[in-house]
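The next block holds one structure in the form of structure tokens; read it before the comments.
Values quoted throughout were computed directly from the atomic coordinates according to the rules given, and no laboratory measurement underlies them. Because the structure is predicted, anything quoted here is derived from the model rather than measured. Neighbour counts run over all protein chains shown; Cβ positions are idealised from the backbone, glycine included.
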There are 2 protein chains.
Amino acid sequence: MQKLQTVREQYDRYCAKMRKIADVKNATAVLQWDQETYLPAGGAAFRAGQLATLSTLAHEMFADESLGTLLHGLAEAEGLDAREHNNVLLTLEDYEKNKKYSAAFVAKLSQATSAAYHAWIQARKENDFHLYEASLQQMILLKREEAALLGYKGHPYDALLNDYEKGANTAMLDTIFDNLRGELGTLLQKVLSRPPADEAFMHISYDKGRQWAFGLSLLEKMGFDFNHGRQDISEHPFTTSFSPQDVRVTTRINEHDFANMIWSCIHEGGHALYEQGLDATQYGLPCGEAASLSIHESQSRLWENCVGRSMAYWQYHYPDLQAAFPQQLKDVPLAAFYKAINRVKPSLIRTEADELTYHFHVMIRYEIEKQVLEGTLNAPDLPVAWNEWYARYLDVKVPDDRQGVLQDIHWSHGSFGYFPTYSLGSLYAAQFFAKATTDIITLEDDVARGNYAVLLQWLRENIHRHGRFYTSEELCRKVTGAGLDAAYFLRYAEKKFDID
Amino acid sequence: MQKLQTVREQYDRYCAKMRKIADVKNATAVLQWDQETYLPAGGAAFRAGQLATLSTLAHEMFADESLGTLLHGLAEAEGLDAREHNNVLLTLEDYEKNKKYSAAFVAKLSQATSAAYHAWIQARKENDFHLYEASLQQMILLKREEAALLGYKGHPYDALLNDYEKGANTAMLDTIFDNLRGELGTLLQKVLSRPPADEAFMHISYDKGRQWAFGLSLLEKMGFDFNHGRQDISEHPFTTSFSPQDVRVTTRINEHDFANMIWSCIHEGGHALYEQGLDATQYGLPCGEAASLSIHESQSRLWENCVGRSMAYWQYHYPDLQAAFPQQLKDVPLAAFYKAINRVKPSLIRTEADELTYHFHVMIRYEIEKQVLEGTLNAPDLPVAWNEWYARYLDVKVPDDRQGVLQDIHWSHGSFGYFPTYSLGSLYAAQFFAKATTDIITLEDDVARGNYAVLLQWLRENIHRHGRFYTSEELCRKVTGAGLDAAYFLRYAEKKFDID
């Protein structure tokens, strides 16, 4: 007869299982990172198979019934502390959701992702949407299937949204976006009526090697720990993590657009500081994971915009940037630089958009994704739909698909329902930063002296270390005393941009 | 009732299982490659755990009893072609061997390997063997345990040898090495009695970036396919493969020793051409794997020495090398360069040894490893033993452990029994190259014109495409008409070095 296990033994067994599953998922992440940084093109086919096998394995390990039994037992057990109990409940929630996916579906999704990703790379390179169309449609069909198997009450899009942002739904997002569209629209009209800042100096030639070195120096200064992470080059910048002790960021460098590199470094650096700040003792457990995508994005946005586009930040860093590029910047005073990097202008590319128009880029994707999930839009319709929304929301004409529907990696990864978390992240960032500014009375001076240690400590303490212990909404209440409120972002935007 | 499967269905099921296992093993290889190229130092601990988990998984998948049943059935079945039948028999052999390892032992070995590897890196950096001693001893104990569980008839070393070289044993190696020691000893005395070539020019400064570019150009010229592979930098050069369509080589660059980079590129390039030449349709199956370590080494040695240190090779490449380093090489004529790169001199570092003394480096490790397996030597004894053997076999005094017992990565990887395959590879290389020279009457002229396509085609046809279909000995007979015969190497060496 099997010896009855104590709650402690059961909890340890649960942890061991979860760490094994995390090992397989993190191995998958290493293969994906390699796929986007170093994989030779001809190696893509076998890599797709390897990723499918690992995804299926992780899925099977997590779908194991003995884990379910263990979780149900532990969920009712006495003697766990609050964090342990929460780990169990969150895992049980994930477990029940995971059970809805068959191993076959997981493998199919993994294969489709690799195929779509490589097709997207190719299509983007050749500026030819048709090269991507079939594999994107395949992905869309799988995503509709996924929404159905996950189940939803209102809109099918809610099923996918919830995967990225627990508790979010189209009703809530429609309200937030309607509000933003109105308020930001008004602010935008005001800002655009003023003469635009001169930014011609930002598009002359900046040596790529020096850009790379400058980007690394910004990351280091922020507190990115290079003993527990590194930066590489990829087509599309991203952050990934194989443990809190191995966090990888990527960037891309464009000779004629150094801003692209700088704010991608700061943005991914913000994500990476969150990952490096997670509790390593909780590896593999929910409390060792980020709270949510929107909270993750709040960290990148807080660094990218609230810090990295502030006057204080550049008071400190601009002399170094000028020293790295004396020819290009010697005649550009700080005030002109600041104006240029905060220039507001409706444009084509989301990742290069200013803080105000950015939300419109997200709303466009949101509207399209809802229709895709409803079944009223299919892959062949997307270029036209895309261009129509850009004309409507941002009054810009999309000249080609590379600058249009082909610009984002997300759909090739199957990430439908992901974009709204960018806007939510921006709103959370403004609310957190307002609170940090109240808590740390020297914050602006600290930033102006290149001292980010106090801010990082505040983020570690208030946000990073908790992992998934709180939901986005709970965390927001705990940190700021109130639930998500777009007013913080609107006040921040008005203060910064409504300067008449 | 389950429908009776046809032999064809069973064989397909076997293939599918093997490909899944290969996916996990190749994922492990990606994580190991990353560990030795890009992993930030602080990420080592979690990576060790991830590697252990994947090794255990692959082991468990391969130990699955349903696979055993399938294999036993297929081994007796009619209707498979010769290659399919051989795949089944070889897999069954591997299966029976794998069953001797418990999952716990595999995990222990993987953990110990990661620990020993990182300790070795550190010890080498600090030139302090003590930092490595404990984890090496741990590895030694595991290797003795492994020899016992694998079983052996004669010497415990045979158990480990056979893991790398099926059919090899200490009796056979003692004979080969005794013979080589005598014959090469005589040749060595003769060569060393002549005035040494001037090689001072090889140790002045050579720009690292240019070395890197030149190394890549050599790889490309050899026929290395960069669409299905890449080169990176690591502490110790190696070749690894994630499929025949993704083969990775690494090199290291020393500003004051460009030879180190050049012949490591050619050597690893030879390994890589073999891997790229394996049959992709046989992915995951024995006939999609290299025949053996010694045959693998025959490919690297053939390119490194028979081709890459020949006068013909440098007739073609030396002008390019001179153009890359005009200051360093403008006053060094080809004849002097050729003499310098073939200088024979007893030395400390195996990987930098000339073709003659190389075998003595191997014999030293062979003698030490035998004693380690016998239990008469332990980790703490190794520095002294090492230095004694170097005095005895090569008459050189080892000044410190970095240039002595700490130089090789192998023991940290648990690779005891591996070194002898280097000498065997060298002997096979000479025998294959003699045959290729007979078969391709224009070979020397082709090489002198930088045309290696015919040689590569010969290797693909005669060696690469067969995978593990033949054993080393069978392959040697099939290609050259005779079993392994050290006389080929001795004749090659005499022709090249006994130039009086």
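Summary table below
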read-out	value
Peptide A:34-43 - average C-beta neighbours from other chains (10 Å radius)	6
Global form of segment A:236-306, assessed from the alpha-carbon gyration tensor, a/c cut-off 1.5	prolate
Residue-count net charge about B:Gly42 - beta-carbon cut-off 9 Å; Lys, Arg +1, Asp, Glu -1	-2
Average beta-carbon neighbours from other chains, 10 Å sphere, peptide B:243-251	4
For B:Ala45, label point 7 Å along C-beta direction: distances to other copies, nm	4.3
Ranked list, fewest to most other Cβ atoms within 10 Å of each Cβ, for A:His59, A:His413	A:His413, A:His59
Share of alpha-carbon pairs per 10 Å distance bin for segment B:5-131, given as whole %	12, 34, 25, 17, 9, 3, 0
Size of electric dipole in segment A:170-497: Cβ of Lys, Arg +1 and of Asp, Glu -1, about Cα centre, debye, nearest 20	560
Spin-label pair A:Val454/B:Val7, simplified geometry with 7 Å Cα→Cβ offset, distance in nm	8.0
FRET efficiency estimate (nearest 0.05) - Cβ-Cβ, A:Lys478 to A:Ala16, R0 41 angstrom	0.85
Spatially proximal aspartates and glutamates relative to A:Lys208 (Cα-Cα < 17 Å; intrachain offsets below 8 disregarded)	A:Asp232, A:Glu235, A:Glu255, A:Asp257, A:Asp320
Cα principal axis extents for the protein assembly as shown, largest first, Å	93, 78, 53
Inter-copy spacing of B:Ala280 label points, which lie 7 Å from Cα along Cα→Cβ, given in nm from shortest upward	4.1
Mean separation of Cα contacts under 8 Å, 6 or more apart, over the residue count of segment B:170-497: relative contact order %	21
Estimated dipole of segment A:13-72 in Debye, rounded to 20 [Cβ of Lys and Arg +1, of Asp and Glu -1, Cα centre]	180
Cβ-based charge dipole, the protein assembly as shown, positive-most Cα from B:Ala259, A:Gln138, B:Phe432	B:Ala259
Dipole of segment A:170-497, positive end: most advanced residue of A:Thr250, A:Gly182, A:Val384 [Cβ charges, Cα centre]	A:Gly182
Span from the segment B:52-74 Cα centroid across to the segment B:380-403 one, whole angstrom	43
Cα gyration tensor category, rounded, prolate or oblate, for segment A:248-397 with a/c compared to 1.5	oblate
Residues A:Lys153 and B:Asp81, FRET efficiency given R0 of 56 Å [Cβ-Cβ distance, rounded to 0.05]	0.45
Shape call, segment A:174-229: gyration tensor on alpha carbons, a/c limit 1.5	oblate
Label zone at B:Glu199, where the point sits 7 Å out along the Cα-to-Cβ direction: segment B:277-318 residues whose backbone N lies under 20 Å	B:301-315, B:317-318
Around B:Gly223: net Lys/Arg minus Asp/Glu count, Cβ-Cβ under 14 Å	-4
For A:Ala324, net neighbour charge (Lys/Arg +1, Asp/Glu -1) across residues whose Cβ lies under 10 Å away	-1
Approximate spin-label separation A:Tyr101-A:Asn378, in nm, with each point projected 7 Å along Cα-to-Cβ	2.6
Projected label distance in nm at B:Thr186 and A:Ser66, using a 7 Å step from Cα toward the beta-carbon	6.5
Kirkwood-Stokes translational diffusion coefficient of chain B, alpha-carbon pairs, 25 °C, 0.890 mPa s, µm²/s	103
Placed amide H near A:Asp232: partners under 5 Å, 5+ positions off or other chain	A:Val249, A:Thr250, A:Thr251
Dipole magnitude of the protein assembly as shown about its Cα centre (Cβ charges: Lys, Arg +1; Asp, Glu -1), debye to nearest 20	200
Förster-model FRET efficiency, 41 Å R0, A:Asp207 and A:Ala280, C-beta, rounded to 0.05	0.60
Residue mean of other protein chain beta carbons inside 10 Å, B:21-29	5
Candidate aspartates and glutamates - alpha carbon under 17 Å from A:Lys100, same-chain residues fewer than 8 apart omitted	A:Glu60, A:Asp64, A:Glu65, A:Glu145, A:Glu146, A:Asp158, A:Asp163
Most positive-pole-ward Cα, B:Phe337, B:Gln211, B:Ile463, against dipole of the protein assembly as shown from beta carbon charges	B:Phe337
Extension reserve of the A:Ala312-A:Ala259 stretch, reckoned as 0.36 nm per residue once the Cα distance is removed	17.3 nm
Reach of B:Lys345 by Cα under 23 Å, taken over lysines that are not fewer than 8 positions away in the same chain	B:Lys190, B:Lys397, B:Lys495, B:Lys496
Exam field: B:Thr376 pseudo-label spacings to other copies (7 Å along Cα-Cβ), nanometres	8.6
